[in-house]
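Novice: Right, I'll just put the structure down here and ask away after.
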Amino acid sequence: MSYRQEYNKSIQQPVEFWREKAQDLHWFKFPEAILTQDENEIHHWFSDGQMNTCYMALDYHVDNGRGEQTALIYDSPVANTKKTYSYLKLRDEVAKCAGMLKAQGVEKGDCVIIYMPMIPEAAIAMLACARLGAIHSVVFGGFAAPELAIRIDDAKPKVIMVASCGIEISKIIPYKPLLDNAIDFALHKPQTCIVYQREQLQATLLPGRDIDWKIHCEVAEPAQCTVVNGDDLLYILYTSGTTGKPKGVVRENGGHAVALKYSMHAIYNMKPGEVFWSASDVGWVVGHSYIVYGPLLHGCTTVFYEGKPIMTPDAGAFWRVISEHKVKALFTAPTAYRAIKKEDPDGEFIKQYDLSSLKTIFAAGERLDPPTYHWLTEQLGLPVIDHWWQTETGWAISANMLGIEKMPIKPGASTVPMPGFDVHILSDNGEKLDANQQGNIAIKLPLPPCSLTTIWGNFDRFTASYLETFPGYYVSGDGGYIDDDGYLFVMGRTDDIINVSGHRLSTGEMEEIIATHDAVAECAVIGRTDDLKGQVPHGFVILKSGVSIDQETAQQEFAELMREKIGPIACYKDTVIVERLPKTRSGKILRKLIRKILDGEDYVIPSTIDDPAILDEIKASLKMQ
Ligand code: COA
Ligand code: AMP
């Protein structure tokens, strides 16, 4: 089967195509309704199928001869620990954990927030929720208490699962006080917090609300898998929108399992029993899909790495893990490869390890810039595959299908659309653009299995954000073009979202936070290009009249504010005080123009600009910074 045949079938006969793919999984009752539309005309996949994602990911393998195979390898240079879990051991630990949640009253449809570092208990907690048919919502550990509070109020969890601390290189980050603060800020109060005490730091438990994970798990009755329907929710994952309120992307059980299982062989060319490593964090969609669910649904071994690409202890960290655990495919963000390249440009560490198991390198989270692509290819002599996806889709929208037909690689392109994704480039007026013309990347409905079906608790925001701009299409928020060979080049967001070290952040939210400062009259936060992190935020602030703050104090105060409100991962450092901001005559800030000035790119002064002299003022302020 060629890529073209596979892709065409998925577009022309989606029901037959995905029914066939669904047969690769063990359902309690195979779905009859493959693709349906609800009363709001939203598409759902496999809605009447009966299943359990945890069963498909663990019990099925135990029942079919994989019980002794390693399911998960925990490798933590920061905690100086390595541990393996066979499918049987992982299934038993998940069943116990589910029993503990059940004893706390968690039932099908209840929400559980998981705020944990990269320790196996995070995966165990996710799978335990799936086992009960409960909906998990994992919150990345680098978010500060106010961000966690927003998610608590939106998801309204019955229970929160937390670890006493995370470890960032050699720094212990106490998680429990962050949770306590978040619960203080939030209006919704969880019934119970289950605390996993790490040996590096013991958290103080609040009597009547907090319970000790290990003690309660030990005595829990293992729970069986609860039967759920294909369209019941597996999880909510919050991602940045253009405002201060994140969007709760929801994922249904059926489509998620089918798409991920399919992608493991079709895109990543993995066979059951082989070792897959996604060096990300369970707090992001990559972690959900390819640290936890995808590899396990496919009967692979997944590597659970608590560490960094550099500094834990050096730029050889990834190559050490690959050689030690015989990893076949590595997947991480381009920023991680850039960090390694910066520390070890000549690949001295690469030469020190036996990397014969490694067959492919994957990158996503931001565009894989051609210099990094070339460096990786030269150093490793392996296929380096960039692929484009979003929290909203849960798997790749465009990629190179190594398990079907490997296409020639074009640096800078994320290759071709994946089955089910009918990708078009549209003008701002919604007209289809020709090859090589840059515009909005949109996907013709229906979206394939795994894609979001609403925003948690906010259907209107879902339709307004994704479906109303171009009727009949999902709008991705990314811009780019398709070349003459059908290759997709994703060139960046068309909205106020930036990607910092592969982490998706909202500059709109940052502006809302800066605006809360007493001295601020107006501000704009722009994503500036950064050699290591891809983009970093850069603030431009107009002070209220009569207020004066010097540049240095401003840098410090706004950076601290951002750290306190969003968290350290915002990587917000630079603020420049300006007198005015360039605007259109109708008062819209010309952010794209400011970004070009910041990045030292050529620009054309738009005819709509109110006063072109402001551009020289901005340049002068940047020089003084
Ligand atoms: N919990 C608490 N704090 C966290 C955290 C977590 N899970 N993750 C990051 N942070 C903190 C860091 O300690 C750092 O804090 P500091 O400013 O006090 O030092 C801050 O957030 C920024 O962290 P990071 O973005 O990791 O930057 P860095 O300069 O420490 O490291 C890289 C740079 C490139 C090594 C790092 O960004 C990296 O590993 N990137 C890969 C990203 C990735 O896997 N993305 C997933 C998408 S696929
Ligand atoms: P997230 O939802 O956090 O996965 O972020 C999704 C966004 O990251 C996309 O909308 C893109 O802007 C960007 N992105 C992810 N992967 C790629 C890629 N391979 N090429 C270009 N941009 C990417």
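Novice: How big, on average over all directions, is the shadow cast by the Cα convex hull of region 416-471, in nm²?
Specialist: If you wrap the Cα atoms of region 416-471 in a convex hull and average its projections, you get 4.4 nm².
Novice: How many Å³ per residue does the convex hull of the Cα positions in region 114-191 occupy?
Specialist: About 77 Å³ per residue, rounded to a whole number.
Novice: Using Cα centres only, tell me the gap between region 411-449 and region 547-625 in whole Å.
Specialist: Each part reduced to its Cα centre gives a spacing of 32 Å.
Novice: Okay, next question. Which whole-number percentage describes the relative contact order of region 218-292, with Cα contacts under 8 Å and a sequence gap of 6 or more?
Specialist: Reported as a whole number, the value is 20 percent.
Novice: When the Kirkwood radius is taken over all Cα pairs of region 156-279, what Stokes-Einstein diffusion coefficient follows at 10 °C and 1.306 mPa s, in µm²/s?
Specialist: Here the translational diffusion coefficient equals 87 µm²/s.
Novice: Follow-up question, since we're still on this one. Cross-link partners among aspartates and glutamates for K341, C-alpha distance below 12 Å, same-chain residues fewer than 8 apart left out?
Specialist: Reachable aspartates and glutamates: D314, E378, D531.
Novice: Among the lysines, select those whose C-alpha is under 20 Å from the C-alpha of K623, and discard any that sit fewer than 8 residues away in the same chain.
Specialist: Correct list for K623: K573, K592, K596.
Novice: Count the DSSP beta bridges whose two residues both fall in region 501-624, then state the antiparallel fraction as a percent rounded to the nearest 5.
Specialist: Of all bridge pairs located within region 501-624, approximately 75 percent are antiparallel.
Novice: Based on the Cβ-Cβ distance from Y353 to Q5, what FRET efficiency comes out when R0 is 60 Å, to the nearest 0.05?
Specialist: The calculated FRET efficiency here is 0.95.
Novice: Work through the residues other than M270 whose Cβ is under 12 Å from its Cβ and net out their charges, Lys, Arg +1 and Asp, Glu -1.
Specialist: Neighbourhood net charge equals +3.
Novice: Also: What list do you get for W389, W45 if you sort them by fewest beta carbons within 10 Å?
Specialist: If I rank by nearby Cβ atoms, fewest first, I get W389, W45.
Novice: Any aspartates and glutamates with Cα under 13 Å of the K359 Cα? List them, leaving off those in the same chain fewer than 8 positions away.
Specialist: E274
Novice: Let me ask something else. Let me understand the chain better: what is its radius of gyration from the alpha carbons, and its Dmax, in angstrom?
Specialist: Expressed in Å, the Cα Rg and Dmax of the chain come to 24.0, 74.
Novice: Report the convex hull volume per residue for region 1-159, counting only C-alpha atoms, in Å³.
Specialist: Convex hull volume per residue, Cα atoms: 189 Å³.
Novice: Continuing with the same structure: When the helices in the chain are scored as -39500 (n - 2.57) per DSSP H run of 4 or longer and the sum is shared across all residues, what 222 nm value do you end up with, to the nearest 500 deg cm²/dmol?
Specialist: Mean residue ellipticity at 222 nm (helix-derived): -8000 deg cm²/dmol.
Novice: Sort M407, M118 so the one with the fewest other Cβ atoms within 10 Å of its own Cβ comes first.
Specialist: The order, fewest Cβ neighbours first, is M407, M118.
Novice: Given K245/K444; K171/K351; K108/K158; K328/K410; K156/K245, which pairs have Cα atoms separated by over 20 Å?
Specialist: Over 20 Å Cα-Cα: K245/K444; K171/K351; K328/K410.
Novice: When only alpha-carbon atoms are used, what values of Rg and Dmax, in angstrom, describe region 430-573?
Specialist: 18.8, 59
Novice: Hey, fewest Cβ within 10 Å first, where do M624, M401 land in order?
Specialist: In order of increasing Cβ crowding within 10 Å: M624, M401.
Novice: What number results when the radius of gyration of region 258-416, computed over Cα atoms, is divided by 2.2 N^0.38 Å?
Specialist: Ratio of Cα Rg to 2.2 N^0.38 Å: 0.95.
Novice: What is the mean projected area of the alpha carbon convex hull for region 501-624, to one decimal in square nanometres?
Specialist: One quarter of the hull surface, i.e. the mean projection, equals 7.8 nm².
Novice: Continuing with this model, one more query. Read phi for every residue in region 469-474 and hand back ³J(HN,Hα) as whole Hz from Karplus 6.51 cos²θ - 1.76 cosθ + 1.60, θ = phi - 60°, with x for Gly and Pro.
Specialist: 4, 10, x, x, 10, 8
Bear in mind that the values in this text are calculations on the coordinates, not laboratory data. What you are looking at is a predicted structure, and each value in this text was computed from that prediction instead of being measured. Reconstructed Cβ throughout: ideal geometry from the backbone, glycine too, with neighbour counts over all protein chains shown.
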